[in-house]
Amino acid sequence: ADLTGSSFKGSDVREANFDGANLTDCSLSALDLTNASFDQSILVRTSFNMSELAGTKFIGIKLTDVKLTMTDLRKVIFENCMFDGVDFNSSDLRGLRFDRQTFIGVKFDKAALNEVSFKGATLKNTSFNPGFTLSKKYYRAIKTICFDGAMMDKLTYASLKGIGANLSKVTVI
């Protein structure tokens, strides 16, 4: 389906199948997308705002300039995805696995990041900004992130190193 420019607000779309759909410039706000599927969907400048995404699957997608704002992503499944210019502003990512995925120009601003895994991931020009004064709580959260086997550019590496991330098993590219 071509849903380009569509707007969905305050709806129950649990278990919806968006597989292969073109969701360019779509706005999805305050939706219940529990167990929805976005396999091979086109997500360009798509906005998810305060939506329920538990059990939702994003598989084989290049997310380009997508905004995930104030969204609980703890139970979302991301497989074989590329994140280009994605903004995870104020979203809850605790415990999420981003293993072996690619992040270019991604912002994790004000995001909850405890126990997130980036094993074998590639990170370029990626920022981790608390959006407030750095606190002990934020430093502790950063230390719980797993970057084992990740590859990252010098800028991303330096910024993470500066806030105390464990980068002992990272390759700088």
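Tell me, which residue of segment 99-127 that is aliphatic (A, V, I, L, M) and at pLDDT below 95 is surrounded by the most Cβ atoms within 10 Å (Cβ to Cβ)?
Ala111
With the structure loaded, tell me whether Gly120 is out of contact with any strand residue (DSSP E or B) (no Cβ under 7 Å at 6 or more places or on another chain), among the small types (Gly, Ala, Ser) and either within 13 Å of Ala150 (Cα to Cα) or touching a residue at least 40 places away in the same chain (Cβ under 8 Å) (or both) or whether it fails that test.
Judged against the criteria, Gly120 is a match.
For Ser159, are the conditions met, namely being crowded, with 21+ Cβ neighbours inside 10 Å and at pLDDT below 95? Explain how you work it out, then say what you get.
Values: crowded, with 21+ Cβ neighbours inside 10 Å: no; at pLDDT below 95: yes.
So Ser159 fails the test.
Among the numbered criteria (1) at pLDDT 95 or above; (2) among the aromatic types (Phe, Trp, Tyr); (3) part of a loop (DSSP other than H, G, I, E, B), which single criterion is violated by Phe132?
Single failed check for Phe132: (1).
Can you name the strands (runs of 3 or more DSSP E) wholly within segment 10-65 that have at least 1 residues being more than 18 Å from Glu79 (Cα to Cα)? Walk me through it before giving the result.
Numbers: elements: 27-29, 47-49, 57-59, 62-64.
Fully inside segment 10-65 and qualifying: 27-29, 47-49.
Can you confirm whether Leu68 is assigned to a strand (DSSP E or B), under 25 Å from Lys119 (Cα atoms) and open to solvent by less than 60 Å² (accessible area, probe 1.4 Å)?
Values: assigned to a strand (DSSP E or B): yes; under 25 Å from Lys119 (Cα atoms): yes; open to solvent by less than 60 Å² (accessible area, probe 1.4 Å): yes.
Spelling it out, Leu68 is indeed assigned to a strand (DSSP E or B), under 25 Å from Lys119 (Cα atoms) and open to solvent by less than 60 Å² (accessible area, probe 1.4 Å).
Would you mention how many residues in segment 21-39 are closer than 14 Å to Ile61 by Cβ and open to solvent by 40 Å² or more (accessible area, probe 1.4 Å)?
Start the filter on segment 21-39 by keeping residues that are closer than 14 Å to Ile61 by Cβ, which leaves 21-24, 26, 36-39.
Going one step further and asking which of them are open to solvent by 40 Å² or more (accessible area, probe 1.4 Å), we end up with 39.
The total comes to 1.
Could you list all residues from segment 33-57 that are polar (S, T, N, Q) and touching a Phe, Trp or Tyr at 6+ places or on another chain (Cβ under 8 Å)?
Matches in segment 33-57: Ser37, Ser41, Thr56.
The values are calculated or read from the model by the stated rules, or taken from the named source; none is laboratory data. Because the structure is predicted, anything quoted here is derived from the model rather than measured. Cβ: placed from backbone, ideal geometry, glycine included. Neighbour counts: every protein chain shown. SASA here: full protein model, heavy atoms, side chains in, ligands and nucleic acids out. Shrake-Rupley method; radii C 1.70, N 1.55, O 1.52, S 1.80 Å.
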